[in-house]
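Peer 1: Have a look at the structure that comes next, please.
Since every read-out is calculated from the coordinates, none of them should be taken as a lab result. Quick caveat, the model's predicted, so the values are computed rather than measured. Here Cβ is always computed from backbone atoms with ideal geometry, including for glycine, and neighbour counts include all displayed protein chains.
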There are 2 protein chains.
Amino acid sequence: MDIPESHPRRLSLMTRNKLVDGVEKGITSKAGLIAHGRGEAFDYLLGEKTIPIAERAERAAVKAMLDADNPVISINGNVAALVPTDIIKLADRLSAKLEVNLFHRTDERISRIIEWLELHGGSDILGGKPDAKIPGLDHARGLCTEEGIFSADVVLVPLEDGDRAQALSKMEKTVITIDLNPLSRTANAADITIVDNIVRAVPNMLELEPSDAGFDNDHNISEVLRYISERLEGLA
Amino acid sequence: MDIPESHPRRLSLMTRNKLVDGVEKGITSKAGLIAHGRGEAFDYLLGEKTIPIAERAERAAVKAMLDADNPVISINGNVAALVPTDIIKLADRLSAKLEVNLFHRTDERISRIIEWLELHGGSDILGGKPDAKIPGLDHARGLCTEEGIFSADVVLVPLEDGDRAQALSKMEKTVITIDLNPLSRTANAADITIVDNIVRAVPNMLELEPSDAGFDNDHNISEVLRYISERLEGLA
């Protein structure tokens, strides 16, 4: 779909098209389109930019991943469709493993996502042959690899389901998420919650200096809520 | 698609699945999935419940439809997928006609939606043979029936596009919408804006007593924005 260079919502429309392409390629689920729409609304409320509160979380996330013994980045259909190249670069920067992990899991979609990431320069992508299970989740939802997510001490789970984020947290892992909804269970289960659009957050994390000085996740989420609240009050 | 009985967001996920099924049945468009996601985000902000401000608008809507000479309910792919039975019951309660009217119009999708509604007990569904046009819209977008939307004095257009809501308003119809986004052009073009999830609003409208005592739409929308703002402030 062509979008004029001058269109004021070009980035948003191009992002949307990447996901529709993702559905057509068998990478993204249809439920993923809905999840994306939800993110779009929160992004609008944020002003479609990385707010300083989010940048602080991004710095803390980079630091936690760099300090980890076995950092792993979990990839789902939306992540793969939206930032295939940058997420591979990020794994490289952070010496993290990549593991495909889907909410609506099918072996077919896992394979397609792995191929898609390989096409973008990825290698040794985990998830195709799960040999472990996250406790407390249904069988298909809990599948993961011993080498990757199961044994990870720090996991970056962008655009994650709340149940899985909570289950990973119960395993005493440090959970980092990227989620535009500051009220989601995922946002509140995580240790570091980046309330930002993944298409901005991942490129930011390729550049930002690591720092967790004074970082407090609950405080950070509260500040995001206050930021949106003040914007809406101004519009009422 | 199976969702564990125990999943705390089961209702929201089931609603989402109805739309995904709708796409597979050829009833709902892919753009409709993203639009639903945007609505979900605003529903989060409302606390996923019918707030008193919305109930007031629902009562006013029931009254306006009952008082109308030719009330019409417009159905699109998302409405058909989400509340097929209840929207038919509502048309019955309000002695309103039902007309299928799509943003991404194809004759195929119109036919499938009419069949789908008939399967749920509907009859005399308009929209399959448009013979009139809403002024000021592109040809395909403006198509409607003389008997239904074109001659209606009061129209309920749930989950409507902003351009069409404005065009109907310019025709001096009383426009009622159900839209979770209080900032949307549709919400602001309508005479009665119900800021509520359609899966709650339509069942409510089957039960509520009609009343428009002291109803003011602009005031109502501002109150919704303040409600969300305060709720976020309280959660911060």
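Peer 1: Considering only lysines 8 or more places apart in sequence, or on different chains, count the pairs in the stretch B:52-235 whose C-alpha atoms sit under 26 Å apart.
Peer 2: 15
Peer 1: Then there is this: In nm, to one decimal, how far is the modelled label at A:Glu146 from the one at B:Asp218, with both set 7 Å along Cα→Cβ?
Peer 2: If labels sit at A:Glu146 and B:Asp218, their model points lie 6.9 nm apart.
Peer 1: Continuing with this model, one more query. Rounded to the nearest 500, what is the 222 nm mean residue ellipticity of chain B from helices alone, with -39500 (n - 2.57) per DSSP H run of 4+ residues and division by all residues?
Peer 2: Computed mean residue ellipticity for chain B: -16000 deg cm²/dmol.
Peer 1: Could you tell me the center-to-center distance, by alpha carbons, between the stretch A:160-177 and the stretch B:42-67 in angstrom?
Peer 2: A separation of 36 Å, based on Cα centres.
Peer 1: Within the protein assembly as shown, what percent of beta bridges assigned by DSSP are antiparallel, to the nearest 5?
Peer 2: So the antiparallel bridges amount to about 10 percent of the total.
Peer 1: Once label points are set 7 Å from the Cα along Cα→Cβ at both B:Ser123 and B:Lys170, what is their separation, rounded to one decimal in nm?
Peer 2: For the pair B:Ser123/B:Lys170, the computed spacing is 3.9 nm.
Peer 1: Using mean Cβ contacts within 10 Å as the protection proxy, how do A:56-69, A:101-114 order, highest first?
Peer 2: A:56-69, A:101-114
Peer 1: Which GluC sites (Glu not before Pro) from the stretch B:134-236 combine a DSSP loop assignment with at most 12 other Cβ atoms within 10 Å?
Peer 2: In loop regions of the stretch B:134-236 (DSSP not H, G, I, E or B), the sparsely surrounded GluC sites (Glu not before Pro) are B:Glu146, B:Glu172.
Peer 1: Only four residue types carry charge here, +1 at the Cβ of Lys and Arg and -1 at the Cβ of Asp and Glu. Report the dipole size of the protein assembly as shown about the Cα centre in Debye, rounded to the nearest 20.
Peer 2: With Lys and Arg at +1 and Asp and Glu at -1, about 420 debye.
Peer 1: Only Cα pairs under 8 Å and at least 6 apart count here; give the relative contact order of chain B as a rounded whole percent.
Peer 2: Relative contact order of chain B: 24 percent.
Peer 1: About the Cα centre of chain A, how large is the charge dipole given +1 on each Lys and Arg Cβ and -1 on each Asp and Glu Cβ? Please answer in debye to the nearest 20.
Peer 2: It works out to roughly 560 debye.
Peer 1: Put a point 7 Å out from Cα along the line to Cβ at A:Asp69; what are the distances to that point in the other copies, in nm, shortest first?
Peer 2: Copy-to-copy label distances for A:Asp69: 8.0 nm.
Peer 1: Could you give each residue of the stretch A:110-126 its phi-based ³J(HN,Hα) in whole Hz, using Karplus coefficients 6.51, -1.76, 1.60 with θ = phi - 60°, and x for Gly or Pro?
Peer 2: 4, 4, 5, 5, 4, 4, 4, 5, 5, 4, 9, x, x, 8, 6, 6, 7
Peer 1: What's the average, rounded to a whole number, of partner chain beta-carbon atoms within 10 Å of each residue's beta-carbon in A:41-48?
Peer 2: Per-residue shielding by partner chains comes out at 4.
Peer 1: B:Asp69 versus A:Asn17, label points 7 Å from Cα toward the beta carbon: distance in nm?
Peer 2: Calculated label separation equals 4.8 nm.
Peer 1: Another question about this same structure. Can you tell which of B:Ser95, B:Ser211, B:Ser222 shows the greatest fluctuation in a Gaussian network model of chain B with Cα springs below 10 Å?
Peer 2: B:Ser222
Peer 1: As a test, work out the antiparallel percent of DSSP beta bridges whose residues both lie in chain A, rounded to the nearest 5.
Peer 2: 10 percent
Peer 1: Enumerate the lysines that A:Lys30 could reach by cross-link, defined here as Cα to Cα under 20 Å, with residues fewer than 8 away along the same chain left out.
Peer 2: Qualifying lysines at Cα under 20 Å: A:Lys18, B:Lys18, B:Lys25, B:Lys30.
Peer 1: Which FRET efficiency value, to the nearest 0.05, is calculated for A:Val199 and A:Lys25 with the Förster distance at 22 angstrom and r the Cβ-Cβ distance?
Peer 2: It comes to 0.80.
Peer 1: Per residue of A:132-143, how many C-beta atoms from partner chains lie within 10 Å of its own C-beta, taken as a mean?
Peer 2: Average neighbour count from other chains, rounded to a whole number: 1.
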